[in-house]
Amino acid sequence: MPDTLMAGKRAQDWVNLILAVCLFLSPWVIGFAAETAPTWNAWIAGIVLGALAVATLSAFAEWEEWANMVIGLWLIVSPWLLGFMANINAMWTHVILGVLVAAVSAWAVWDYRHHSHA
């Protein structure tokens, strides 16, 4: 893999790792830790996203980027599916971080498919 492609992958994976940490800490930082559904959703999604980011940093696999994209899409719709859309702070935190995760993952997949893998 060319150095520039590898550098791009690492950057995208580091961004996802940072977003995972932000997501995990968001119940305390944003102030919705008292509500069970958004808090546990942020913790579980943050842990899974972080684990996938670490795994991808170790050895890139396209499926991990697709899994990250699914997590991002889940974060976007979860306030409505889990019923915490009335908590504006929790809802927007999930939606914004979900959009960022999905976008970074889509960028990684696009980058992987449009550059040489040799």
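The values are calculated or read from the model by the stated rules, or taken from the named source; none is laboratory data. Since the model is a prediction, treat every value here as computed from it, not as a measurement. Note that we place each Cβ from the backbone using ideal geometry, even for glycine, and neighbour counts take in every protein chain shown.
Applying the selection to the stretch 17-46, what residues are of a type in the set (S, T, N, Q) and touching a helix residue (DSSP H, G or I) at 6+ places or on another chain (Cβ under 9 Å)? Give the derivation first.
Here is the first cut: in the stretch 17-46, the ones of a type in the set (S, T, N, Q) are 26, 36, 39, 41.
Result: SER26, THR39, ASN41.
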- prompt: How about the stretch 28-42: which of its residues are surrounded by 14 or more Cβ atoms within 10 Å (Cβ to Cβ) and either among the β-branched types (Val, Ile, Thr) or in contact (Cβ under 8 Å) with a residue 60 or more places away in the chain (or both)?
  reply: ILE30, PHE32, THR39
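Just to be sure before I move on: is THR56 within 16 Å of VAL104 (Cα to Cα) and out of contact with any Leu (no Cβ under 6 Å at 6 or more places or on another chain) in the structure I sent? I'd like the intermediate steps shown before the answer.
On the way: within 16 Å of VAL104 (Cα to Cα): yes; out of contact with any Leu (no Cβ under 6 Å at 6 or more places or on another chain): yes.
Taking the combined requirement at face value, the residue satisfies it.
Could you count how many residues in the stretch 68-113 are of a type in the set (Ser, Thr, Tyr) and at pLDDT below 95? Full working, then the answer.
Just the residues of the stretch 68-113 that are of a type in the set (Ser, Thr, Tyr), to begin with: 78, 93, 105, 112.
If we keep only those that are at pLDDT below 95 as well, we get 105, 112.
Residues flagged as of a type in the set (Ser, Thr, Tyr) and at pLDDT below 95 within the stretch 68-113 amount to 2.
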message: Go through (1) modelled with pLDDT under 95; (2) surrounded by 17 or more Cβ atoms within 10 Å (Cβ to Cβ) for ALA45 and report which single condition fails.
response: (1)
message: Filter the stretch 48-99 down to the residues that are among the β-branched types (Val, Ile, Thr) and surrounded by 23 or more Cβ atoms within 10 Å (Cβ to Cβ) and list them by number.
response: THR56, ILE71, THR93
